[in-house]
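First up is the structure itself, then whatever we jot down about it.
The values are calculated or read from the model by the stated rules, or taken from the named source; none is laboratory data. Quick caveat, the model's predicted, so the values are computed rather than measured. Don't worry about glycine lacking a Cβ; one is built from the backbone with ideal geometry, like all the others, and counts go over all protein chains shown. The protein model used for the area step is the full one, side chains on, heavy atoms only, and it has no ligands, DNA or RNA in it. Shrake-Rupley method; radii C 1.70, N 1.55, O 1.52, S 1.80 Å.
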Amino acid sequence: MSDGFDRRRHRFAAPRYFEDLAVGETFYIPSRTLTDANFAAFRTVSGDNHPIHYDVEYCRERGHAGLLAHGFQVLCQTAAGAGLFPHIIGDALLGFIEQSSKFLKPVYAGDTVYPLLTIAALIPQRSTGIVVVAASVHNQRNELVMTGEQRYLLRKRIPNPKGAG
């Protein structure tokens, strides 16, 4: 029995193409508190075993309040997939092509981070476009702890052939 359901239309949002986006659009990523478990998981995935990331006494002896987050651990909080951006651009996404970041303040175990993505530029090309996204992360004290830029390659909408619909 068919009730008209089509799994291809089961989405968070109507898909958008490069030309549907606008500079200044903001995509919030849910806040999260970085716990000791997050630190342990990141240490396992990254293979980074420097004591600044897992030895509290080592950190304190060097003037830190606690375990210091790895820069990539902070950066990964801006993964677009954690928010709505990839759901909004849907099948128009061809690739994540570039990333840069600056780490401005330390992030410690127990800190809550607030990642944000904002479209900073749209670079049109022939049948595609590059979406330049400014990435930022603030902490629970409203301090900017990371800034960066991400670039995504998106399809443009395929125009209807002349005389079609």
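Any residue at all in region 24-31 that is open to solvent by 70 Å² or more (accessible area, probe 1.4 Å), over 12 Å from the mean Cα position of the chain (by Cα) and either within 15 Å of S136 (Cβ to Cβ) or modelled with pLDDT of 95 or more (or both)?
No: region 24-31 contains no residue that is open to solvent by 70 Å² or more (accessible area, probe 1.4 Å), over 12 Å from the mean Cα position of the chain (by Cα) and either within 15 Å of S136 (Cβ to Cβ) or modelled with pLDDT of 95 or more (or both).
Is there a residue in region 62-83 that is open to solvent by 70 Å² or more (accessible area, probe 1.4 Å), more than 19 Å from the chain's Cα centre (by Cα) and under 30 Å from Y108 (Cα atoms)?
Taking every residue of region 62-83 in turn, at least one turns out to be open to solvent by 70 Å² or more (accessible area, probe 1.4 Å), more than 19 Å from the chain's Cα centre (by Cα) and under 30 Å from Y108 (Cα atoms).
Just for region 134-153: of the residues that are aliphatic (A, V, I, L, M) and more than 15 Å from D111 (Cβ to Cβ), which one is farthest from the chain's Cα centre (by Cα)?
Residue satisfying both the conditions and the ranking: L153.
Which members of region 115-156 meet the condition of being assigned to a loop (DSSP other than H, G, I, E, B), free of Cβ contacts under 8 Å to residues at least 60 places away in the same chain and at negative phi?
Of everything in region 115-156, those that are assigned to a loop (DSSP other than H, G, I, E, B), free of Cβ contacts under 8 Å to residues at least 60 places away in the same chain and at negative phi turn out to be Q125, R126, S127, Q140, R141, E143.
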